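Below is one structure, written out as structure tokens; comments come after it.
The values are calculated or read from the model by the stated rules, or taken from the named source; none is laboratory data. These numbers come from a predicted model, not from an experiment. Note that each Cβ is placed from the backbone with ideal geometry, even for glycine, and that neighbours are counted across all protein chains shown. When the accessible area is computed, the model is the full protein with side chains, heavy atoms only, and any ligands, DNA or RNA have been set aside. Shrake-Rupley method; radii C 1.70, N 1.55, O 1.52, S 1.80 Å.
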Amino acid sequence: MDGPAASGKGTLAKKLAGHYGLAHLDTGSLYRAVARDILTAGKALDDEAAAADAAQSLESGTLNDPALRTPEVGQAAARVAKIGAVREALFKFQRVFASRREGAIIEGRDIGTVVCPEADVKIFVEASTDVRAERRYKELMEVGHDISYEEIHAQIAARDEADRSRAISPLRPAEDAHLLDTSDLGIEAAFKAAVKLIDTAISQA
Ligand code: CDP
């Protein structure tokens, strides 16, 4: 599953993983964790050697750290995600995860295009920028962040632009991806639509 920032793919991927009894990997948390580790080490986000180092020594036990979910770390993640050596190191981790025999639900920006081009089912989750900003605003308010809707809207639009226009592994739907626009769908409706897409694709395979 791929899609732009706050498109709802995280919620959807977790629910699908529960439904199908599969492991789930949020690859955004890998880029966020690399950004966190660079910042904690007091290095610059465009220091390619420090970034490569951080990606190679990433501790998978730290991926659920709530500190990864801040808007600052999200923006920092999009900066380190442009660095080839970072993507290479994380590619290996993602391939190991994807190679489990029973399969997995993996979400990110380049899963259908680069990480798992052979995936049985690819879904590209979309939603309008306004809807995505609204969802992220609510999420952040719930955990007590002090940020305005306007700021979140601007950050999401800027991050999407950076993700779409970068030279390596830009955000885009794979040619054989199913598009799922969740602008007008609640969690349950989006989940049902995704299950239908997956079951149909699997039964035709
Ligand atoms: O949760 P949200 O949709 O806001 O973002 P995320 O999935 O946690 O991803 C954070 C950033 O990591 C993205 O804006 C991308 O720059 C980068 N990323 C990537 O380049 N490739 C991936 N497979 C996943 C995330």
The answer for LEU58, listing residues at least 5 apart or on another chain whose modeled amide H is closer than 5 Å to its amide H, is none
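Give the accessible surface of the range 89-149 per residue, rounded to a whole number of Å², with probe radius 1.4 Å and ligands, DNA and RNA excluded. Write down the numbers at each step before the final one.
Values: 3240 Å² over 61 residues.
Counting only protein heavy atoms, the per-residue value for the range 89-149 is 53 Å².
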Quick calc: nm separation of the 7 Å Cα→Cβ label points for GLU142 and GLU72 -> 2.3
Taking the alpha-carbon centre of each part, the distance from the range 126-205 to the range 22-100 in Å is 20
Under the 7 Å Cα-to-Cβ spin-label approximation, LEU39 and LYS196 lie apart by a distance in nanometres of 4.0
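Would you mind telling me the share, in percent, of accessible area of the chain contributed by carbon and sulfur at probe 1.4 angstrom? Don't skip to the end; give the middle numbers.
Values: 5440 of 10520 Å².
For the chain, the apolar C and S fraction of the accessible surface comes to 52 percent.
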With a Förster distance of 30 angstrom and the Cβ-Cβ distance between LEU22 and GLU88, calculated FRET efficiency to the nearest 0.05 equals 0.70
Ranked by GNM mean-square fluctuation in the chain (Cα springs under 10 Å), the top entry among ILE123, ILE147, ILE156 is ILE147
For the chain (alpha-carbon point model, no solvent) the Debye-based log₁₀ I(q)/I(0) at q = 0.13, 0.14, 0.15, 0.18 Å⁻¹ works out to -0.70, -0.82, -0.95, -1.39
Given 100-112, 50-62, the highest-first ranking by average Cβ count within 10 Å works out to 100-112, 50-62
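So, R0 is 41 Å and r is the distance between the beta-carbons of GLU188 and ILE168; what FRET efficiency does that work out to, to 0.05? Mind showing how you got there, number by number?
Working: r = 36 Å, r/R0 = 0.88.
The value I calculate is 0.70.
Note down the magnitude of the dipole of the chain about its Cα centre, charges +1 on Lys and Arg C-beta and -1 on Asp and Glu C-beta and zero elsewhere, to the nearest 20 debye. Walk me through the numbers before you get to the answer.
Numbers: 26 positive and 33 negative charges, 84 e Å.
For the chain, the charge dipole is close to 400 debye.
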